[in-house]
């Protein structure tokens with residue numbers, strides 16, 4: 001039997017899809033690309049935006065057309081957050097949510113036995129609940145043997161006004177350290193030199209176990225064979241000065257921090273129900289740059305949130321310029337049914353949002369170029385990852401600066417010292 005998987009959304013979703021692929025492979029399935037004819041198509045969905053739900057429906061229709069006799073599966077955040085809408089999609093033979101993924105392969109095998117008959121659709125969307133434990137998923141490797149993602153946390157209880165994720169992902173739950181250690185050891189033995197710790201709200205790791213994110217980072221840094229530990233997206237207000245000081249004592253921790261900003265205007269942040277203001281964010285960035293000289297601060301910035309005035313946008317724009325992000329993902333607010341923000345007055349017209357996006361992107365692109373240019377003349381360790389068509393290799397430094405360098409073939413996965421000589425477009429150039 002041939003099974004194909006398609007992932008929408010975040011790094012956590014990608015990790016979970018990899019875990020599912022390995023579960024299916026262990027049961028004898030051959031994993032193929034979704035462009036190929038398969039007996040099973042599994043779509044791991046994202047529901048952060050209504051556009052994500054639309055894309056899920058389009059993909060399910062595509063899979064059904066591609067092989068009308070295949071078993072088509074919809075799983076993940078979309079059905080968990082909107083079960084009625086997901087159950088009504090006719091192309092899906094099996095619908096499951098963001099819990100109980102270990103049951104999915106068994107459900108597929110059950111459905112395959114009745115393929116071609118008048119079989120009932122299988123719908124299994126288990127509600128999240130307080131006291132829910134971390135689902136024991138594990139990934140033993142990735143196709144690109146350079147960087148491995150490790151999910152250590154799930155769920156969110158922040159309830160930002162624009163976000164459906166607490167509904168889709170449930171309460172905070174964390175991977176126990178005794179489960180994390182063997183997974184990291186296995187990745188090291190498989191040749192991975194860098195791991196990225198990811199979660200739905202990574203900063204809240206351990207609050208259900210009497211632990212803190214710092215405990216997981218220390219463990220990852222202690223594993224022989226792992227040379228780099230990188231962190232996924234962080235909620236800024238959960239990084240205390242004490243945390244930053246302790247993290248700075250871990251030489252394997254990569255000095256790149258993705259601190260989700262959303263807005264640099266305090267009034268907008270209040271309506272978003274974020275848990276910090278611009279002054280606190282500024283202080284955290286200052287502390288990080290003091291503890292990690294040359295670190296990269298990356299972020300997400302939303303424009304056009306309901307009620308955002310021209311003056312509020314100008315404050316956010318000025319704040320972004322002040323911080324000088326190494327990279328920023330800029331996006332316009334999109335109404336997400338089921339959230340508080342969807343009901344707020346003062347929804348911004350699309351042309352205004354587009355104009356503000358363009359202006360914010362221009363400002364953050366300027367900061368990105370300045371950051372890359374600041375790397376010229378420095379020496380850095382580069383993890384070589386990709387052979388480019390022009391014969392050069394591309395990799396990343398600890399602060400996640402992309403560097404292109406000429407080195408002999410066969411260097412994939414190696415960490416080499418590189419002198420950065422300049423910046424071009426969206427990368428730096430280095431020499432051995």
**OP:** Compute the relative contact order of the chain as a whole-number percentage, counting only Cα pairs closer than 8 Å that sit 6 or more residues apart in sequence.
**Re:** 10
**OP:** Sketch the reach of a paramagnetic label on residue 352 as a point 7 Å from Cα along Cα-to-Cβ, and name the residues of the range 246-265 whose backbone nitrogen lies under 19 Å away.
**Re:** 263-265
**OP:** Output the peptides 309-318, 156-165 sorted from most to least packed, where packing is the average of other Cβ atoms within 10 Å over each peptide's residues.
**Re:** 156-165, 309-318
Subject >> Max mean-square fluctuation residue, GNM over the chain, Cα-Cα springs under 10 Å, options 16, 194, 349 >> reply: 349
Original post:
If you take every DSSP beta bridge whose two residues both sit in the chain, what share of them, in percent to the nearest 5, is antiparallel?
Top reply: 30
Original post:
In nm, what is the difference between 0.36 nm times the number of residues separating residue 211 and residue 1 and their Cα-Cα distance?
Top reply: 71.4 nm
**OP:** State the dimensionless ratio Rg/Rh of the range 252-344 (Rg: radius of gyration of Cα atoms; Rh: Kirkwood radius).
**Re:** 1.00
**OP:** In whole angstrom, note down how far apart the Cα centers of the range 228-277 and the range 68-124 are.
**Re:** 37
Original post:
So, in nm, how far is label residue 88 from label residue 321 when the simple model puts each one 7 Å beyond its Cα toward the Cβ?
Top reply: 4.7
**OP:** With r as the distance between the Cβ atoms of residue 26 and residue 381 and R0 = 51 Å, compute the FRET efficiency 1/(1 + (r/R0)^6) and round to 0.05.
**Re:** 0.90
Original post:
Which value in nm describes the separation of the simple spin-label points at residue 103 and residue 58, placed 7 Å from the Cα toward the beta carbon?
Top reply: 3.2
Original post:
Looking at the P(r) of the chain, how many percent of alpha-carbon pairs lie beyond 31 Å?
Top reply: 45
Subject >> Calculated FRET efficiency for the pair residue 344/residue 159, C-beta based, R₀ 22 Å, to 0.05 >> reply: 0.95
**OP:** Report the full-extension gain for the segment residue 362 to residue 142: residue separation times 0.36 nm, less the Cα-Cα distance, to one decimal in nm.
**Re:** 75.7 nm
Subject >> Cα→Cβ-extended label distance, 7 Å offset, between residue 267 and residue 392, nm >> reply: 4.6
Original post:
When averaged across all projection directions, what area in nm² does the alpha-carbon convex hull of the range 147-374 cover?
Top reply: 12.6
Original post:
Tell me, Kirkwood radius of the range 366-432 from alpha-carbon pair distances, in Å?
Top reply: 11.6
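Coordinate-derived values only; no laboratory data. In this text, all values refer to a predicted model and were calculated from it rather than measured experimentally. We place every Cβ from the backbone using ideal geometry, glycine too, and count neighbours over all the protein chains shown.
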